[in-house]
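Chemist: The following block contains the structure, expressed as structure tokens.
What follows draws every value from the coordinates through simple rules; no lab data is involved. All values derive from a computational prediction rather than experimental measurement. Positions of Cβ are generated from backbone atoms using ideal geometry, with glycine treated the same way; all protein chains shown enter the neighbour counts.
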Amino acid sequence: MSQDANPVSDSAAVVVAAGQGLRAGQPVPKQFAPWRGKPVLRHSVEALASAGVAPIVIVIPEGAQDIAAQCVAGITGVAFVTGRDTRQGSVLAGLEALEQAALGPVPKNVLIHDAARPILPRAVIDRLVDALVRFPGAIPVLPVVDSLCHAAPDARAPGTAMGAPARREDLRRVQTPQAFRYADILAAHRAWDGAANAGDDAQVAQAAGHTVALVDGDEALHKLTYASDFGADTGALPPVRMGTGYDVHRLEDGEELWLCGVKIDHHQGLSGHSDADVAIHALVDALLGAIAAGDIGQHFPPSDAKWKGASSDRFLDHAVGLVRAAGYAIGHVDVTIICEAPKIGPHRAAMRARLADIMGVDIGLVSVKATTTEKLGFTGRGEGIAAQAAATVIRA
């Protein structure tokens, strides 16, 4: 079934982040703890927002509004609601919040996701929403690869007896997000017996008589549960990585000149598909290179009309976000601008400050220099400006 038949834009989300997460051994509930360079909660909320899911209601513990808001600062279409004593009650609170007029029209579909599953591939979202064309509910699942057995009734301590074997072919591992037609899952949760413990929302839907489809999940959607989950991913990363970048743009009449995010008063400007900020472009490639994430052309292709005339600070912000998502922080960046004119010295302080602001780092981590080619080559003849950059990232 195609996406057009049931677009993600018809879907809202409830992200359940109301637990205490004590087993994770973090100083704050695990959904607010840092992981791969940013809070656990932010990872999946960003994925949902970038997929076009809106609004996103985040269910949080009582009194956690400030820390939750900090975790998702800058993401639009987000609202918060306080959770209840059980997960089922917390989900119901989130679903009922979606009825409020301030959040926009009542959604057609809703995805219910556990914040402790930070990596949320877009393909999983698409498969779930596509399945809702035919079914009232859908969940992502994975096959069981290990042998299984039932525990004997008294198997509560090491050395107790193994019970009957279980057929792994008949079993699946269930993940989130779980997707439902909104009206159906809201009614199912309202009808649920509050004294019973609902393992997940699919059980609530099934108890109300709804068929729940199974779609392929993803191993990346693993749940962070123990302290080792917070150390294993980042601890295996190299402590320091570095990358380099180089870019060139032609000087032409009638163009604005932007360098390091600063507009320079000059009789010519740089020509390019975006604002042609050659210094930022080189820096973006250096950051992408440090985490082996390709180059600027892959992320912002010149063939895409939406980037025509775009401010290059958007490219740099994107690259910094990828660095953080990879589990790193900016260690130091060094940009060299190669040109005969204009003189860079008078603008160096403003350039450093602007780059530091875009990247969200201290200005002491940003170096900007300039040199000439002694009148040699295209830069020496004043035909264009080149820039090279080096970036060091450190394990967060």
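Chemist: Between His299 and Ala164, how high is the FRET efficiency from 1/(1 + (r/R0)^6) when r is the Cβ-Cβ distance and R₀ = 56 Å? Nearest 0.05. Don't skip to the answer; put the middle values down first.
Modeler: Working: r = 53 Å, r/R0 = 0.94.
According to the calculation, E is roughly 0.60.
Chemist: Relative to the longest principal axis of the chain, what angle (0 to 90°, nearest 10) does the C-alpha long axis of helix 40-50 take?
Modeler: Approximately 80 degrees, to the nearest ten.
Chemist: Related question: Can you tell me the 0 to 90 degree angle between the C-alpha axis of helix 87-97 and the longest principal axis of the chain, rounded to 10?
Modeler: 60 degrees
Chemist: Tell me the net charge near Leu95. Cut-off is 10 Å between Cβ atoms, Leu95 excluded, with +1 for each Lys or Arg and -1 for each Asp or Glu. Don't skip to the end; give the middle numbers.
Modeler: Details: positive: Arg190; negative: Glu96, Glu99, Asp201.
Summing Lys/Arg as +1 and Asp/Glu as -1 gives -2.
Chemist: Just to be sure I understand the model, the point goes 7 Å from the Cα along the line to the Cβ. What's the resulting Thr211 to Glu340 distance in nm?
Modeler: 7.5 nm
Chemist: Grab the DSSP H runs of the chain that are 4 residues or longer, score each as -39,500 (n - 2.57), total them, divide by all residues and round the 222 nm result to the nearest 500 deg cm²/dmol. Mind showing how you got there, number by number?
Modeler: Values: 12 runs with 111 residues, N = 396.
Taking each H run of at least 4 residues, the total per residue is -8000 deg cm²/dmol.
Chemist: Have a look at Ala161, Ala205, Ala292 and tell me which one the Gaussian network model of the chain (Cα, springs below 10 Å) gives the largest fluctuation.
Modeler: Result for the chain, Cα springs under 10 Å: Ala161 fluctuates most.
Chemist: Can I ask one more? For the chain, with a Gaussian network of springs between Cα atoms less than 10 Å apart, report the residue from Pro342, Pro177, Pro118 with the top mean-square fluctuation.
Modeler: In the Gaussian network model the winner is Pro342.
Chemist: Modelling each spin label as a point 7 Å along the Cα-to-Cβ direction, I'd like the Ala227/Lys306 distance in nm, to one decimal.
Modeler: 4.4 nm
Chemist: Which whole-number value in Å³ per residue fits the convex hull of the alpha carbons of region 287-396? Numbers along the way, then the final one.
Modeler: Details: hull volume 13.1 nm³, N = 110.
Taking the convex hull of the Cα positions in region 287-396, it is 119 Å³ per residue.
Chemist: Ok, one more. Under 15 Å from a label point 7 Å along Cα→Cβ of Asp317: give me every residue in region 335-360 with its amide N that close.
Modeler: Taking a point 7 Å out along Cα→Cβ of Asp317, the residues of region 335-360 whose backbone N falls under 15 Å are 354-360.
Chemist: Which order do the peptides 369-377, 101-109, 40-48 come out in when sorted by mean C-beta neighbours inside 10 angstrom, highest first? Can you show the working numbers first?
Modeler: Working: 369-377: 12.4, 101-109: 14.7, 40-48: 24.0.
Highest-to-lowest ranking by the protection proxy: 40-48, 101-109, 369-377.
Chemist: Using the alpha-carbon atoms, what tilt in degrees (0 to 90, nearest 10) does helix 182-191 show relative to the longest principal axis of the chain?
Modeler: 40 degrees
Chemist: Here's another thing I want to ask about it. What does the net charge come to around Gly297 if you take all other residues with beta carbon closer than 14 Å to its beta carbon, with K and R at +1 and D and E at -1?
Modeler: On the way: positive: none; negative: Asp247, Asp285, Asp295, Asp304.
Result for the local shell: -4.
Chemist: With just the Cα atoms defining each centre, how far is region 249-305 from region 318-396? Give it in Å.
Modeler: Between the Cα centres of region 249-305 and region 318-396 lies a distance of 12 Å.
Chemist: Residue by residue through region 201-216, which ³J(HN,Hα) values in whole Hz follow from phi under the Karplus form 6.51 cos²θ - 1.76 cosθ + 1.60 (θ = phi - 60°), with glycine and proline marked x?
Modeler: Residue by residue, region 201-216 yields 6, 4, 5, 5, 5, 5, 5, 8, x, 8, 7, 10, 7, 9, 10, 5 Hz.
Chemist: In whole Å and largest first, what semi-axes does the C-alpha gyration tensor of region 3-235 yield when each eigenvalue is scaled by 5 and square-rooted? Before the final figure, lay out the partial values.
Modeler: Details: eigenvalues 154, 105, 65 Å².
They are 28, 23, 18 Å, listed from largest to smallest.
Chemist: Still on this structure, I have one more. Tell me, in nm to one decimal, what length is gained between Arg190 and Thr372 on full extension, where the rule is 0.36 nm per residue of separation less the Cα-Cα distance? Don't skip to the answer; put the middle values down first.
Modeler: Numbers: separation 182, 0.36 × 182 = 65.52 nm, distance 7.11 nm.
Result: 58.4 nm gained on full extension.
Chemist: Grab the other residues whose beta carbon is less than 14 angstrom from that of Val106, score K and R as +1, D and E as -1, and report the net. Intermediate values should be presented prior to the final figure.
Modeler: Details: positive: Lys108, Arg181; negative: Asp10, Glu96, Glu99, Asp184.
Value of the local net charge: -2.
Chemist: Would you mind telling me which residue in Asp216, Asp304, Asp357 has the biggest mean-square fluctuation in a Gaussian network model of the chain, where springs connect alpha carbons within a distance under 10 angstrom?
Modeler: Asp304
Chemist: May I pose another question? Please go through the residue pairs Lys263/Lys375; Lys30/Lys369; Lys263/Lys306; Lys108/Lys223; Lys223/Lys308; Lys308/Lys369 and name each one whose alpha carbons sit more than 31 Å apart in this structure.
Modeler: Details: Lys263/Lys375 24 Å; Lys30/Lys369 42 Å; Lys263/Lys306 22 Å; Lys108/Lys223 27 Å; Lys223/Lys308 40 Å; Lys308/Lys369 28 Å.
Listed pairs above 31 Å: Lys30/Lys369; Lys223/Lys308.
Chemist: What do you get for Rg/Rh of the chain when both radii come from the Cα atoms and Rh is the Kirkwood radius?
Modeler: 1.07
Chemist: How far apart, in nanometres, would the label points at Ala349 and Ala152 be if each is projected 7 angstrom from Cα along the Cα-to-Cβ direction?
Modeler: Spacing of the two 7 Å Cα→Cβ label points: 8.0 nm.
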